[in-house]
Amino acid sequence: MRAALLRLRRGTGLPVAFGGLLDGPRQVRIGELIGTGTRALQGLAISSGNGLGGKAVALSRPCAVTDYRVSRHISHEYDAAVAAEGLRSVLAVPVVVRRRVRGVLYGALRAAQPLGDRALSAAVAAARDVEQALVVRDEVRSLLAAARETVAGPGGGPGPGPGPGPGPEAWEQVREAHGALRALAPRVTDASLRAELLAVCGRLETAALLPGHPRDRPVALAPREVDVLSCVAAGVTNATAAERLGLRPETVKGYLRSAMRKLGAHTRLEAVVAARREGLLP
């Protein structure tokens, strides 16, 4: 949110930017302020349909007013907070993910003057950044939940491993989840979520190790080498792996060659088998 608000300020030239995410049914709570002189807007709960932001939430589209305090196109539940900050011209852009409003970004001036299409377009672009980040976070959380369930097993006990347990289909699900999580990790800006994601990846990677297998891995691969190998294990080409990981195909080849050398492998398949044997891949 903060990064998007900074982009909004740069793109629009508006001195004040603020916003927040959904906090309860059809209610957004302002959580980030940039360029404000007071704390009047901090923590303000914006209900759907109320004020400029609430109108943007209700309509799921951007809205703007040239002079907030006298506008006849919005309701005025939040006039005191807006006046305390001295805001006049304000625009509000909803953050919409899969047709559901998840937040609102605002840009504002302390003078009553029209906000042009350029400012509105820049604000919409900033909102798209938040939308993409939320999509990634949603995907990560969904995969984490599936991965935890797979590792824990249906009864809550140990999951995949030797002996009776998940069959080939379940193992393919484990490996697909692992590859997807590894590919998403670099795109996650939330440090705690990224750490949790990588921790689950670690559990998936060692889930099949036999009892007594040394946990201190003699082969140390770089995180990106593991990322590339997880894609290779899924049977994708270097070009597809590059697209998933946000890398160039030549870079993927370099990581793959390095991983193969460390694992003593001569082919892609040998590298995957060796990595699984060492508990580097599920």
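The values are calculated or read from the model by the stated rules, or taken from the named source; none is laboratory data. Quantities reported herein were computed from a predicted structural model and do not represent experimental measurements. Neighbour counts run over all protein chains shown; Cβ positions are idealised from the backbone, glycine included.
Which residue, of Arg61, Arg110, Arg100, Arg72, is closer than 24 Å to Ala3 by Cα and without any contact (Cβ under 8 Å) to a residue 12 or more places away in the chain? So that I can check it myself, show each step before the final result.
Details: Arg61 fails: without any contact (Cβ under 8 Å) to a residue 12 or more places away in the chain; Arg110 fails: without any contact (Cβ under 8 Å) to a residue 12 or more places away in the chain; Arg72 fails: closer than 24 Å to Ala3 by Cα.
Of Arg61, Arg110, Arg100, Arg72, the one residue that is closer than 24 Å to Ala3 by Cα and without any contact (Cβ under 8 Å) to a residue 12 or more places away in the chain is Arg100.
Looking only at the range 10-33, which residues are among the charged types (D, E, K, R), modelled with pLDDT of 95 or more and either within 17 Å of Ala133 (Cβ to Cβ) or assigned to a helix (DSSP H, G or I) (or both)? Quick ask: steps written out before the conclusion?
Restricting attention to the range 10-33, the residues satisfying the condition of being among the charged types (D, E, K, R) are 10, 23, 26, 29, 32.
With the extra rule that they be modelled with pLDDT of 95 or more, the set shrinks to 29, 32.
Residue satisfying the conditions is Glu32 alone.
From the list Ala180, Ala199, Ala146, Ala195, pick out the single residue that is surrounded by 16 or more Cβ atoms within 10 Å (Cβ to Cβ) and modelled with pLDDT of 75 or more.
Details: Ala199 fails: surrounded by 16 or more Cβ atoms within 10 Å (Cβ to Cβ); Ala146 fails: modelled with pLDDT of 75 or more; Ala195 fails: surrounded by 16 or more Cβ atoms within 10 Å (Cβ to Cβ).
On inspection, the qualifying residue turns out to be Ala180.
It is to be established whether one or more residues within the range 20-38 are in the same structural domain as Leu105 (by TED's automatic domain parsing), closer than 18 Å to Ala122 by Cα and in contact with an Asp or Glu (Cβ under 8 Å, 6 or more places away or on another chain).
Taking every residue of the range 20-38 in turn, at least one turns out to be in the same structural domain as Leu105 (by TED's automatic domain parsing), closer than 18 Å to Ala122 by Cα and in contact with an Asp or Glu (Cβ under 8 Å, 6 or more places away or on another chain).
Loosely packed, with under 15 Cβ neighbours inside 10 Å and either among the acidic types (Asp, Glu) or not in a helix (DSSP H, G or I) (or both): does that describe Arg118?
Here the answer is no, as Arg118 does not meet what is asked.
Just one of Val226, Val252 is at pLDDT 90 or above, of a type in the set (Val, Ile, Thr) and under 20 Å from Leu144 (Cα atoms); which is it? Give the steps one after another, and end with the answer.
Working: Val252 fails: under 20 Å from Leu144 (Cα atoms).
When all the criteria are applied, what remains is Val226.
Which residue out of Leu269, Leu280, Leu263 is surrounded by 16 or more Cβ atoms within 10 Å (Cβ to Cβ), under 18 Å from Arg175 (Cα atoms) and either touching a strand residue (DSSP E or B) at 6+ places or on another chain (Cβ under 6 Å) or not charged (D, E, K, R) (or both)?
Working: Leu269 fails: surrounded by 16 or more Cβ atoms within 10 Å (Cβ to Cβ); Leu263 fails: under 18 Å from Arg175 (Cα atoms).
Every option except Leu280 fails the conditions.
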